Amino acid sequence: MTTSDRDSDESGGESQSHDHRHGDGHDHDPEHADLNTGQKADSVPPTSSNQDDVAQFSVPEMDCPSCAGKVENSVRKLDGITAVDPQVTTGTLSVSYAGSRTAPVEIAERVEKAGYTVETKDESTATFTVPEMDCPSCAGKIENALDGLSGLSRYDTQPTTGKVIATYDATTLSPTDVVDAIERAGYEVTDSTATETEAGDSSTDDRESVWTSSRAIKTWISGGFVALGLLFEFFLTGQNALVAEIVGSELLVADVLFLVAVGIAGQVIFRNGYYSALNRNLDIDLLMSIAISGAIIASLVFGESLYFEAATLTVLFSIAELLERYSMDRARNSLQELMDLSPDEATVKRDGEEVTVPVDDVAIGETVVVRPGEKIPMDGAVLDGESAVNQAPITGESVPVDKTAGDEVYAGTINEQGYLEVEVTSAASDNTLSRIVQMVEDAQANKTEREQFVERFSSYYTPVVVGFAVLVAVVPPLLFGLSWPTFIVYGLTLLVLACPCAFVISTPVSVVSGITSAAKNGVLIKGGNHLEAMGAVEAIAMDKTGTLTKGELTVTDVVPLNGNSEEDVLRCARGLELRSEHPIGEAIVGRAEQAAVAEREVDEFESITGKGVKADLDGTPHYAGKPDLFEELDFDLTHVHATTDGGVATTKSRQLCERNDCLDLLEETVPELQSQGKTVVLVGTDDEIEGAIAVADEIRAESKQAIQRLHDRGVDHIVMLTGDNERTARAIANEVGVDEFRAELLPDEKVEAIEELDEQYDGVAMIGDGVNDAPALATATVGVAMGAAGTDTALETADIALMSDDLSKLPYLYELANDANSVIRQNIWASLAVKAGLALAVPFGYVPIWLAVLAGDAGMTLGVTGNAMRLSRIRPDELSSDSDEAVEPNAA
């Protein structure tokens, strides 16, 4: 989500619904959608008292008087509104209006403009698998057909996955109606979430059989007839006898064979062309139908023998369509691999027995059994057993993670060696893997800027080239007396080049390849726009705790003072911090428990805000906190006696004090510890300071190398943002190698820092934990959450999520995003250049019709898809250094 996206959400609700707008860039008929809300209002018959119409809307986000006021003010801006009744307790809005002056769809728009989503009662969503929908023009025909359905609130066509997702009013529309509409557009629905399918009838099976499909068989047979026709045309000329005369034109044996070839392979082309015309879609099927028909008509009416051209065009275009289907399958299969990670069945303990059931039948709370080598079927927590689990399918971690009782496990991960019993915590449809797959599929809806440009351009490209084709076919023969057959063929060739399929598909296949590749390597990218933005950022801001460091505080130093031992200091500190919920207190208690120190009786516990804690230990008042707290208690921190052992200062004391028997805490000891990135807590009574404890958050082993690799790959500026003190921040910053650090920042100050960076650099990415850094993540051009696996909040809100706590994935992400941008640019300009070059060369006779089909259509589709699939070769441990082809091992 970009900054502007978030700004729009701040007006009062996070509207996530999609309207009736699609890849063609045009708004469809408002009678069938409510435009912006993508929802359909429940209308109530007009009342008899005032003849006004009354509509009721479900607005669940309208949950306070302020919300209701905004909604009411927005709706009242419409003409014809007579009464508005927002009911906060039920989230319902009732509106009385004059039907002649406004309509429910306009009221829903006004609610949306106030920042709130309108939900339709009895609304259902179904996914339909349409494997033959493999290009934007196919999607356009289906969209036009769906626009005729009343009760369909929104839909999303996904050519790259061959799916149509439709949301409809279940009271007025059924899945069968949607299927019928798609099939009226000329496309078969092989599967849906709402209809039963025969076993084995899946999109995967269809995609795998592309070369043995019905269309492929017809194409091969048609190709055989073309070969026979060529044999008679050029080699068996004596046997190429006259068969018949039609409209005064001779029909030879070769011509008949060519026509048979057109009849066999052309069935699908003409059928699709018919549906294109029916749905007012100027796409490749309609253009090819016109081109083939034009060649045959010219042969029959004008006596020009263009049967060979018609047959060649038919066969080559059919081959091109098969190649396009095959190349699209390669992109689709990358997503299918994600879907196939989760097993279909699970072994469940029921009534003391183990039974194998479909994962959809496993309920939350049940216990599943996972043996060595098996995939874990459901998200859950380990009840019994120990094992190493390969979490690479979810988090991308290359090393198996040890799991014991209480640890969380994810569906699709692999149990390497031990026996595990797992308590199910999520339904199969709502586990981590399912959410990842769903988000990857949804990511296609977030179009990149280049994709939007391509769609705008393509809407002008086809009409212009078609007009150019007509001029080329007609003007030279009419005005200059040139050969009609020659220029008719030129015109037909230009019609072949008029469809921008390869051009339009160049971006989405790259996005799908990049996003699915990232997902398989533990990086979840929520949309093509985020992938594009990540590859263009010039600055990266990082949170310290939990990002550059592990986020787990540990005690690093215990300095006993005034004759106390290390055990004495830890005993007092444990008693003081036992009731504290601060991470520093938890770290101190953890160290004391490891040392097995004796407990002390604790009374009168009190937290001193921002400074420390106070409590009575065995009846004596004690304090633990910042040095400032003890200065306020009138202690002289510049002269504190160190604990000695037999009259000789301890090693730690000698290192920190020049005088062997005393320390200067204020000017020497505390600053030195802080310079090492440690936080210092003093422990003492009203009379003496008993000791100092240093606590630190360990730097991640991969942090320094990850930052170096980001610099190597072109990131201009990396800054660390933290709420920690300046000395600690400086120590961490120097250690990991960031360009700048900003310390002692509150959440709103982190936001200001992001805004400043955004003004200085072209795009800023913020890396944080997805919860504590939410404001800064939302403000940045791209928000990246660390360790999002199993964390619903981070998974749902981040633009990009690193599923594991592995910072080395960040250089991989930046490399992938950069390469994706490069591939998209290459695909766009290469396909455009080839199409334009061929189109300009046609009138000069340099481009035969077969070259236009193979190079301009099939060749470019294969080219852009193959180029996009190169993104799947990038791995976190094999990042490119100088080019797309060169790789180097990731030492991190």
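Where a number appears in this text, it was derived from the coordinates with a stated rule and is not lab data. Given the structure is predicted, the values throughout are model-derived calculations rather than measurements. Quick reminder, even Gly has a Cβ in these numbers, built from the backbone with ideal geometry, and neighbours come from all protein chains shown.
Highest mean packing first, where packing is the average number of other Cβ atoms within 10 Å per residue, the peptides 511-524, 715-728 line up as 511-524, 715-728. In a fully extended conformation the segment linking residue 242 and residue 829 would gain 206.4 nm over its present Cα-Cα distance, using 0.36 nm per residue.
Per-residue 3J(HN,Hα) values for region 414-427, derived from phi via the Karplus relation 6.51 cos²θ - 1.76 cosθ + 1.60 with θ = phi - 60°, read 10, 6, 6, 9, x, 8, 10, 10, 10, 7, 6, 10, 9, 5 Hz in sequence order (x marks Gly and Pro).
Amide H contacts for residue 386 (H built 1.01 Å from N in the peptide plane; partners 5 or more residues away or on another chain; cut-off under 5 Å): 419. Put the Cα centre of region 122-192 next to the Cα centre of region 846-870 and the gap is 29 Å. With respect to the cross-link table entries 544/614; 163/375; 113/526; 218/835; 163/520; 550/809, which display a Cα-Cα separation exceeding 19 Å? The pairs that break the limit, which is 19 Å between Cα atoms, are 544/614; 163/375; 113/526; 218/835; 163/520.
Near the amide H of residue 679, within less than 5 Å, lie the amide hydrogens of 695, 696, all on another chain or at least 5 residues away, with H placed in the peptide plane.
Note that region 796-873 shows a convex hull volume over its alpha carbon atoms of 109 Å³ per residue. Answer rounded, prolate or oblate for region 572-624, using the Cα gyration tensor with square roots of eigenvalues a ≥ b ≥ c: rounded when a/c is under 1.5, else prolate when a/b is larger than b/c, else oblate. Oblate shape, in that a/c is at least 1.5 and b/c is the bigger or equal ratio. Sorting 757-766, 566-575 by average packing, meaning the other beta carbons within 10 Å per residue, from highest down gives 566-575, 757-766.
Distance from the alpha carbon centroid of region 491-552 to that of region 745-787 works out to 20 angstrom. At full extension, residue 483 and residue 351 could sit 38.9 nm farther apart than now, given 0.36 nm per residue minus the alpha carbon distance. In plain terms, the chain from residue 361 to residue 752 could stretch by 135.8 nm, reckoned as 0.36 nm per residue minus the Cα-Cα distance. What you get for region 102-154, charging only the Cβ of Lys and Arg (+1) and of Asp and Glu (-1), is a dipole of about 120 debye around the Cα centre.
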